[in-house]
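Take a look at the structure below.
The numbers here are math on the coordinates, done by the rules we state, and not lab data. Note that this is a predicted model, so its numbers are computed, not measured. A quick note on method: Cβ atoms are made from the backbone with ideal geometry, for glycine too, and the neighbour counts reach across all protein chains shown.
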Amino acid sequence: MTAARLGLVGLGHITVNAHLPPLAGLADKGLVTLQAFCDVDGETAARHARTFGANAVYTDHREMFEKENLDGVYICIPPTLHTDAELIAAERGIPVMVEKPQTLDIAQAVRFSEAVRKSGVPSQVGFMSRYYTTAAFMRDRISERTPRHALVQLLYSGRHIRYWTSRFELCGGSFVENTIHMVDLLRFFLGDITEVSAFYFYRKPGEGPEPINLPHVYDVNYRFESGVVASVTTSRVLTNVNASRREVLVVCDDSLMEWSAEKVVENGETVFESPAADNAFASQAREFVNAIRSGDASGLRNGYPQALNSLAAVLGANASASRGGTLIRLDEFVAGDGDRRDRMPADTGGEPGTV
Ligand SMILES: NC(=O)c1ccc[n+]([C@@H]2O[C@H](COP(=O)([O-])OP(=O)(O)OC[C@H]3O[C@@H](n4cnc5c(N)ncnc54)[C@H](O)[C@@H]3O)[C@@H](O)[C@H]2O)c1
């Protein structure tokens, strides 16, 4: 293959700021052709096509798939807006990169996952944290230890930059929209999650600032297949200050490990620091393009079928919290045994079962 012809569906914040810069670099090296940009907003697609030198512009992904002979596709749209792009890509044997969260509908994710698995195309979900050099180091170090306990603490601050990420029914809440990255990273370190139980502090109607209707706090407990237990907490209360915090700890026998994008600390000592030029989005793009060009997907750390457990873990947390903390087994949740819908409690004014 000469250059991999890529189609990009959704030319919003993440595509333009995180995916296109490294892809443009790969295009300069002749490894990639930015073949088609597709956005329901045609002017947005056309503007970015001019900036990045894309060959064609579409407002409908079906027309794009019909007219273009693509080697790979990026699907980067808000999670409630997925329809059939993943299915078309899988049917046509086109490798697919889908941004997280894959969807808010676990049944849809299962359908997409099956299609991707059956077609055997290389696939990737946008869990870029797996591509930090510190993540690979941490994973290797944990494999030489006996992990028992993981703790993630995320305190988000600042205002939302997009309307849909301020609305529970459109983004699934901060735990689904953001904390999913760290839940997935725990899976990279520790393997699959089997059970979840969650308590949320829901925001009451009018308890501003508008238009936010997301829970204030998400307090989630996980059990991993290995027996490891984790506590993952998130709050979205610090709207008017710049005071975010992120802590990721893994407690092993005789080892307290702390992960951040920049370094790994063990028992208080820095044991690894990332190189200054570490760019997880660029590494993720490089591995995806490598997989397309070589047909060898072994360098991909976050295939669509493999990522289903991360999505189930966060949607399962929503479902548990909406049922007062009921324990949810993720295999049953994914298989559709029982009620998979999560509900906003009546006092938030949310519509039941619409997420
Ligand atoms: N990996 C990360 O760190 C990270 C960061 C931010 C966002 N994201 C994820 O990326 C996805 C996109 O987020 P964003 O911030 O770019 O959103 P955005 O709202 O900025 O952009 C979305 C774009 O998709 C377009 N669009 C919507 N439906 C479409 C369709 N059917 N076909 C073509 N275009 C369509 C919109 O017009 C818009 O231009 C979300 O799932 C989000 O969670 C990931």
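Key figures
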item: Axial C-alpha extent at least 18 Å, average Kyte-Doolittle at least 0.5 - helices from the chain (DSSP); result: 304-322
item: Radius 12 Å from Cβ of Asp71, net charge of other residues (Lys, Arg +1; Asp, Glu -1); result: +2
item: Per principal axis, descending, Cα span of the chain in whole Å; result: 49, 48, 42
item: For the chain, built as a Gaussian network whose Cα springs stay under 10 Å, the top-fluctuating residue of Asp331, Asp253, Asp296; result: Asp253
item: For Asp39, Asp71, Asp337, Asp184, order by how many other beta-carbon atoms lie within 10 Å, fewest first; result: Asp337, Asp71, Asp39, Asp184
item: Protection-proxy order for peptides 262-269, 215-222, 26-33, each taking the mean of Cβ atoms within 10 Å per residue, highest first; result: 215-222, 26-33, 262-269
item: Where labels lie 7 Å past Cα in the beta-carbon direction, separation of Asp254 and Lys118 in nm; result: 5.1 nm
item: 5 Å binning of all Cα-Cα separations within the range 1-57, expressed as whole percents from 0 upward; result: 5, 22, 34, 25, 10, 4, 0
item: Counting DSSP beta bridges with both ends in the chain, the antiparallel % (nearest 5); result: 60 percent
item: Cβ charges +1 (Lys, Arg) and -1 (Asp, Glu), total dipole of the chain, debye; result: 300 debye
item: Separation in nanometres of the label points that stand 7 Å from Cα toward Cβ, at Asn69 and Ser231; result: 5.8 nm
item: For the range 77-119 versus the range 221-267, the gap between their alpha-carbon centres in whole angstrom; result: 29 Å
item: Residue exposure sequence - Cys38, Cys76, Cys171 - by fewest surrounding Cβ within 10 Å; result: Cys76, Cys171, Cys38
item: 9 Å beta-carbon shell around Cys38, net charge (K/R +1, D/E -1); result: -3
item: Net +/- balance of residues flanking Ala115 in space, Cβ distance below 10 Å, scoring K and R +1, D and E -1; result: -1
item: Backbone N within the range 97-126 under 14 Å of label point (7 Å from Arg162 Cα along the Cβ vector); result: 98-104, 126
item: Viscosity 1.306 mPa s, 10 °C: Kirkwood-radius Stokes-Einstein D of the range 158-253 over Cα pairs, µm²/s; result: 109 µm²/s
item: Neighbour-count ranking [beta-carbon atoms within 10 angstrom, fewest first] of Thr146, Thr15, Thr134; result: Thr146, Thr134, Thr15
item: Square roots of five times the Cα gyration tensor eigenvalues for the range 72-148, Å; result: 28, 14, 13
item: Extended-chain gain in nm, criterion 0.36 nm per residue less alpha-carbon gap, Leu155 and Glu207; result: 16.9 nm
